[in-house]
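This report concerns only the one structure given below.
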Amino acid sequence: MPAVTVPAGAPAHEAGPSSCSEPLPAPEARREAVVIDTNIILDVFVFADAAAKPIRKALEAGELDWIATRPMRDELARVLDYPQIVPRLNFYRLSADDVLASFDRHARLTEVAIKARLNCSDPDDQKFIDLAVAGQTLLLSKDRHVLSMSKRLLAHGVRARAAI
């Protein structure tokens, strides 16, 4: 609320509404909960992929509630050290710390979810599925193992997509 200036000597009631009569703030717009897998994170924060630009824009605008776990962050840190990724970081004049700082700025860390009843054929992707099922969120992934489960995930309240 903006500050109210009261002229010297003005009666107190001219200072504006009292705290008990101030209007309630507008409710915050509901942010869409999303789980983002590592390949999409790389597209958003390293490769500046055109298909990932709406994701980055939505994250920066606070329109998405990106939920993640410590193992997801650890996976990203590990992937950023891969020999095929380091030259790309150098090309874009980024460091692994830059990308991890973006993760930290935009992701909301939560506890590891319990194992979902759905099994992914790639065990590395299971943590993303578990968290998305637990929160019934949007799951962003380009991984064929995850996307092949789209119909089964939808039955558990998860929309798996490659982009928004």
- Query: Quick one: Debye curve from the C-alpha atoms of the range 18-164, no solvent, what's log10 I(q)/I(0) at q = 0.08, 0.13, 0.17 Å⁻¹?
  - Reply: -0.25, -0.59, -0.94
- State, as an integer percentage, the relative contact order of the range 43-113 based on alpha-carbon contacts under 8 Å between residues 6 or more apart. 44 percent
- Solvent-accessible area per residue for the range 77-164 at a 1.4 Å probe radius, Å²? 61 Å²
- Item | Order of exposure, largest accessible area first, which applies to PHE91, PHE128 with probe 1.4 Å | PHE91, PHE128
- Note on the structure: Measuring from its Cα centre, the range 70-116 shows a charge dipole (+1 at each Lys and Arg Cβ, -1 at each Asp and Glu Cβ) which, in debye to the nearest 20, is 120 debye
- Query: If Lys and Arg each add +1 and Asp and Glu each add -1, what is the summed charge of the other residues whose beta carbon sits under 13 Å from the beta carbon of ARG152?
  - Reply: +3
- Item | Cα gyration tensor category, rounded, prolate or oblate, for the range 28-112 with a/c compared to 1.5 | oblate
- Any chance you could check the Cα centroid distance between the range 81-157 and the range 35-56 for me, in angstrom? 11 Å
- Task: Can you tell me the alpha carbon radius of gyration of the range 125-164 divided by the globular rule-of-thumb value 2.2 N^0.38 Å?
- Result: 0.96
- Would you mind calculating the gained length between ARG88 and ALA101 on full extension (0.36 nm times residue separation, minus the Cα-Cα distance), in nm to one decimal? 3.0 nm
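The values are calculated or read from the model by the stated rules, or taken from the named source; none is laboratory data. The structure displayed is predicted, hence computed values, not measured ones. Ideal geometry is used to build each Cβ from the backbone, glycine not excepted, and the neighbour counts take in all protein chains shown. Heavy atoms of the whole protein, side chains included, go into the accessibility calculation; ligands, DNA and RNA do not. Shrake-Rupley method; radii C 1.70, N 1.55, O 1.52, S 1.80 Å.
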